[in-house]
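In what follows, a single structure is set out as structure tokens and then discussed.
The values are calculated or read from the model by the stated rules, or taken from the named source; none is laboratory data. Note that the coordinates shown come from a computational prediction; the quantities given were computed from them, not determined experimentally. Cβ coordinates were reconstructed from backbone atoms using ideal geometry, including for glycine residues, and neighbour counts include every protein chain displayed.
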Amino acid sequence: MSILTKICLHWSAGAYFPCAEDLKAYHYCVDKIGRIYPGKHKPEDNLNCYDGNYAMHCGGGNTGCIGLSACAMAGFTSDKKQTKYPLTQKQVESLCCLAAYLSTKYGILISEKSVFTHYEFDQRRPKNKREGKIDITYLHYLPNLAINSVGKYLRQKIAWYREKIKQNKYKLIRKGDYYEFIVVA
């Protein structure tokens, strides 16, 4: 029996709200203000990727992997570092809190082998299999953070949120068609 063992963090390369394609590709999408939208597929759908009924977010790495995406970064290129839809700090915080929540729910440890950006996944592949993925390599509110440091920075945030979630300091609540994390006093 397969288990969920990984979480891959993405940006959608789109606008600030998930489109139908995003909701099909990722298990959860996070909008500009941190609202979390469930995708078409449940994380468990990625236990078996042979039936075609799964979230196809990480070519060659979908089995056992939960895909989370921040809806942003349309038109971004690594050289110019410009977009009309930069990742917001609120969005990244919500993405990290969600990753922490899911890592707790599914017993996924926080390490670079189990919680990673799409860029980091791509860099670990043989050179002839790489797809040139650049998500997530840049945070506009931390412009001096090196490309190879973004994943580590996100994992540190995820680990921090994981501890707070274990202490019941954050709670995931449903609000209509989306979810939000709230701070529990």
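Condition first: out of contact with any Ser or Thr (no Cβ under 7 Å at 6 or more places or on another chain) and not small (G, A, S). Now tell me which residues in the range 19-38 satisfy that.
Those that are out of contact with any Ser or Thr (no Cβ under 7 Å at 6 or more places or on another chain) and not small (G, A, S): C19, E21, L23, K24, H27, Y28, D31, I33, R35, Y37, P38.
Output yes when any residue across the range 138-147 is over 20 Å from K6 (Cα atoms), surrounded by fewer than 13 Cβ atoms within 10 Å (Cβ to Cβ) and either touching a strand residue (DSSP E or B) at 6+ places or on another chain (Cβ under 7 Å) or among the aromatic types (F, W, Y) (or both), and no when none is.
yes
Which members of the range 77-98 meet the condition of being outside any loop (DSSP other than H, G, I, E, B) and charged (D, E, K, R)?
Hits for the range 77-98 are K90, E93.
Would you point out which residue out of D135, D122 is under 17 Å from Q91 (Cα atoms), within 17 Å of the chain's Cα centre (by Cα), modelled with pLDDT of 95 or more and surrounded by 13 or more Cβ atoms within 10 Å (Cβ to Cβ)?
D135
Mind counting the residues in the range 53-76 that are closer than 13 Å to W11 by Cα, in a loop (DSSP other than H, G, I, E, B) and touching a helix residue (DSSP H, G or I) at 6+ places or on another chain (Cβ under 7 Å)?
Matching residues across the range 53-76 total 4.
With respect to the numbered conditions (1) touching a strand residue (DSSP E or B) at 6+ places or on another chain (Cβ under 7 Å); (2) part of a loop (DSSP other than H, G, I, E, B); (3) of a type outside the set (A, V, I, L, M), which one is the sole condition not fulfilled by Y50?
It fails just one condition, (1).
Got a number for residues in the range 19-47 being assigned to a loop (DSSP other than H, G, I, E, B) and either at pLDDT below 95 or of a type in the set (D, E) (or both)?
So the answer is 1.
Can you run down the residue pairs with Cβ atoms below 7 Å, 6 or more apart or on separate chains, where the first is in the range 1-25 and touching a residue at least 40 places away in the same chain (Cβ under 8 Å) and the partner is of a type in the set (K, R) and part of a loop (DSSP other than H, G, I, E, B)?
Y16/K32
Just to check your reading of the model, which residue among N168, N144, N128 is within 25 Å of P86 (Cα to Cα), out of contact with any Phe, Trp or Tyr (no Cβ under 9 Å at 6 or more places or on another chain) and without any contact (Cβ under 8 Å) to a residue 60 or more places away in the chain?
When all the criteria are applied, what remains is N144.
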